[in-house]
């Protein structure tokens, strides 16, 4: 079971609001048996060669983020990444294949949806609706 501090939804909206490239962050928190409690989110860097369509976080970066989590009295739980406006809000088949951490999620800033899934590709928490991130692109009307 995954439980989370509601403040992570606001933090995700702030950290992962760029709708031009896939953004990445990590969940940190505690593990109690088969229960995961997401306490906070740390910013990460998308190291993919094509940040418009994919994401990659190196083992080196994950190691650094694990140290940062430990300094805060937490554990690294997994990765959350964004899907661009024209991509579905739900996890893709590629996400199920690539996301092998205990807690994985897709955040869709333009719809405000967050979906948690496990390392077997099973949706754990059906899509949670957060406040959509308002994005104003130059030259486009907000109407």
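Derivation of every value follows stated rules applied to the coordinates shown; laboratory data play no part. Being a predicted model, the structure only gives us computed values, none of them experimental. As a convention, Cβ positions derive from the backbone with ideal geometry for all residues, glycine included, and neighbour counts pool all protein chains shown.
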Notebook entry, point to check: Of 8, 2, 125, how do they rank once you tally other Cβ atoms within 10 Å and put the fewest first?
Noted result: 125, 2, 8
Item checked: Beta bridge orientation in the chain: antiparallel %, DSSP, nearest 5 -> 80 percent
Next item on the list: Take peptides 106-116, 89-99 and line them up by average Cβ neighbours within 10 Å, highest first, as a rough protection proxy.
Entry: 106-116, 89-99
Notebook entry, point to check: If r is the Cβ-Cβ distance from residue 53 to residue 123 and R0 is 35 Å, what FRET efficiency results, to the nearest 0.05?
Noted result: 0.95
Next item on the list: Could you check the simple spin-label distance between residue 100 and residue 66, using points 7 Å along Cα→Cβ, in nm with one decimal?
Entry: 1.4 nm
Next item on the list: Calculate the length of the line joining the C-alpha centroid of the range 67-103 to that of the range 40-55, in whole Å.
Entry: 10 Å
Checklist line | Contact order relative to length of the range 39-126, as percent, for alpha carbon pairs under 8 angstrom and 6 or more apart | finding: 19 percent
Item checked: Pair residue 3, residue 90: separation of 7 Å Cα→Cβ label points (nm) -> 2.9 nm
Next item on the list: Would you mind estimating how fast the range 2-129 diffuses translationally, via Stokes-Einstein at 10 °C and 1.306 mPa s with the Kirkwood radius over Cα pairs, in µm²/s?
Entry: 111 µm²/s
Checklist line | Difference of contour (0.36 nm per residue) and Cα-Cα distance, residue 35 to residue 14 | finding: 4.9 nm
